[in-house]
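Novice: One structure, as structure tokens, below. Some questions next.
What follows is calculated from the coordinates using simple rules that are stated; it is not laboratory data. Model, not experiment: these values are computed from the prediction. Every residue, glycine among them, receives a Cβ derived from its backbone with ideal geometry; neighbour counts consider all protein chains shown.
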Amino acid sequence: MLGNNLTGYDDTIVALATAPGIGAIAVIRLSGKNAIDICNSIFPSKDLNTQVGYTLHFGAIVFEGKTIDEVIISLFKAPRSYTGEHIIEISCHGSPYIQQQIIDACIQSGARMAKPGEFTMRAFLNGKLDLTQAESVADLIASNSAASHQTAMQQMRGGFSKELHILREQLISFSALIELELDFSQEDVEFADRTQLYRLISEAMKMVQHLVDSFRMGNVIKNGVNTAIVGKPNAGKSTLLNTLLNENRAIVSEIAGTTRDTIEEVLNIDGILFRLIDTAGIRVSTDTIESIGVQKTMEKIKEAGVVLYLFDVNETSVQDLQLQTETFEREHINYLLIGNKSDIAGLPATQEKFNSIPGILFISARQHEHIQDLKDTLVHKVMSGDINTEDTIVTNARHYAALQEVLRSLLDVQQGLDNQLPGDLLSLDIRRCLHFLGEITGQITNEDQLDFIFSKFCIGK
């Protein structure tokens, strides 16, 4: 169990809170018990100790008799701040030289450089955020789509941890009653209602299973989907890539083997990022460079979350397509069959030709026909339905692993109740469940684990 007593977190830290480089303004953040005194030593315009929190103050930063810049000071007094400590934010002009001069002045006046994520770590240690909320801050900063932004906001507001806190409190209550029974083991009494506990465990298993299942969606929202466009030469792969991106990103040519290396671009469809990979055409070639490209294509197929197998409906036989689908099935590849150039022979004739193979989506990449259908199908294929980011969605691999352990522990408790195990054995399974719930929200953790989690944050957050 981690308390508020970690060593090395009771001093004052400083860091650049805005992105490094030249800009109109930059924000330098201090947090700690001496933040106001340190700022006072380089900000002679006002005594900030006498000012009210949540106020702005204009003046100059002066160090060793030299004026560095005119700034705006934002003052937040403990405990009503992001970290729960005194916080000073210095808004200065965005010159990297000025930024460094102010940071150096703060350090020489008693602060130290913050470690990655240390401001948010202090918010966690001071009870301003639980661990899931703290981790969602990093996800919010890294969000690059509407879906990932909404999911991070939902978790930062405590939607995920609230469900786990309620479950943990209920299990603690039952665990206490069961352990109380052990003190009266000679009298054969039951303080914990087994029927009520069984009902709680059953409901908890459904809830946790839902969270575990949501990780597939959460991983897609957070990281996107590697989507390989593959097929024989001249199937129209590069044309499809250009059409999906609505720009001429890949070279299009009638010459087979034009694409010799993979081309990767990102496409946002309904808030989901598809990392499109245009690959070299699959064929046997005596050209050394093209052969290397084909080898890379095979590697991308194995790595892809979805493979778009594009084929020319006018040049491909039903038998060849059946052989290709059998290969995908045998290799357990998640694929989508796309018949291109359906405008040449006409859609009815094309559909009739391939009516023995289900699930083909017919398009014309050059004529931009049925491209929206392809986008809709892609989203449905990877999400298995509509995205509802108002629900709690697990996006963190650490949470996912711990939830799997919670689910196993709940199953052990349920089986123990079915087998009428004694209270001491039930108590052990419940305690194991509580341990993993506590690991998720931060009631149970250690310094090494925190260092690992927050090391992935940017310096000033």
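Novice: As an exercise, use a Förster radius of 45 Å and the Cβ-Cβ distance of HIS332 and SER45 to find the FRET efficiency, rounded to the nearest 0.05.
Specialist: Using R0 = 45 Å, I get an efficiency of 0.10.
Novice: Right, something else. Once the other residues with Cβ under 13 Å from the Cβ of LEU200 are scored (Lys, Arg +1; Asp, Glu -1), what is the net sum?
Specialist: Around LEU200, the surrounding residues sum to +1.
Novice: If you take the beta carbon distance between LYS375 and ALA349 as r and set R0 to 35 Å, what does 1/(1 + (r/R0)^6) give as a FRET efficiency, to the nearest 0.05? Show your work: numbers first, answer last.
Specialist: On the way: r = 25 Å, r/R0 = 0.71.
Calculated transfer efficiency: 0.90.
Novice: Going by C-beta contacts inside 10 Å, put ASP278, ASP69, ASP418, ASP11 in order with the fewest on the left. Walk me through the numbers on the way to the answer.
Specialist: Numbers: ASP278 26, ASP69 18, ASP418 9, ASP11 12.
Listed from fewest to most nearby Cβ atoms, that is ASP418, ASP11, ASP69, ASP278.
Novice: Treat the count of other C-beta atoms within 10 Å as a stand-in for reagent exposure and order THR392, THR67 from fewest to most.
Specialist: Result, fewest neighbours first: THR67, THR392.
Novice: Just to confirm a number: summing +1 for Lys and Arg and -1 for Asp and Glu over residues other than GLY224 whose beta-carbon lies under 12 angstrom from that of GLY224, what do you get?
Specialist: For residues surrounding GLY224, the net value is 0.
Novice: Give the order of HIS57, HIS86 when sorted by the count of other beta carbons within 10 angstrom, beginning with the fewest.
Specialist: Exposure proxy ranking, most exposed first: HIS57, HIS86.
Novice: Can I ask one more? As a quick test, which of the pairs LYS46/LYS115; LYS46/LYS461; LYS46/LYS128; LYS162/LYS381; LYS33/LYS128; LYS33/LYS115 have an alpha carbon distance above 23 angstrom in this structure?
Specialist: Exceeds cut-off: LYS46/LYS115; LYS46/LYS461; LYS46/LYS128; LYS162/LYS381.
Novice: Have a look at ALA24, ILE98, PRO79 and report the one farthest towards the positive end of the charge dipole of the range 13-130, computed about the Cα centre with Cβ charges (Lys/Arg +1, Asp/Glu -1).
Specialist: PRO79
Novice: So for the pair LEU323, ASP451, with labels modelled 7 Å out along Cα→Cβ, what separation do we get in nm?
Specialist: A separation of 5.8 nm, rounded to one decimal place.
Novice: Roughly what would the spin-label model give for SER95 and GLU315, points 7 Å off Cα along C-beta, in nm?
Specialist: 6.1
Novice: Another question, then. Distance in nm between label sites at LYS66 and SER356, each 7 Å beyond Cα in the beta-carbon direction?
Specialist: My value for the distance between the label points is 8.3 nm.
Novice: How far, in nm, would the chain grow between ALA24 and LYS206 when pulled straight, counting 0.36 nm per residue and subtracting the alpha carbon separation?
Specialist: Extra length available between ALA24 and LYS206 comes to 60.4 nm.
Novice: Where the only charges are on Cβ atoms (+1 Lys, Arg; -1 Asp, Glu), what is the dipole of the range 40-152 about its Cα centre, to the nearest 20 debye?
Specialist: Rounded to the nearest 20 debye, it is 200 debye.
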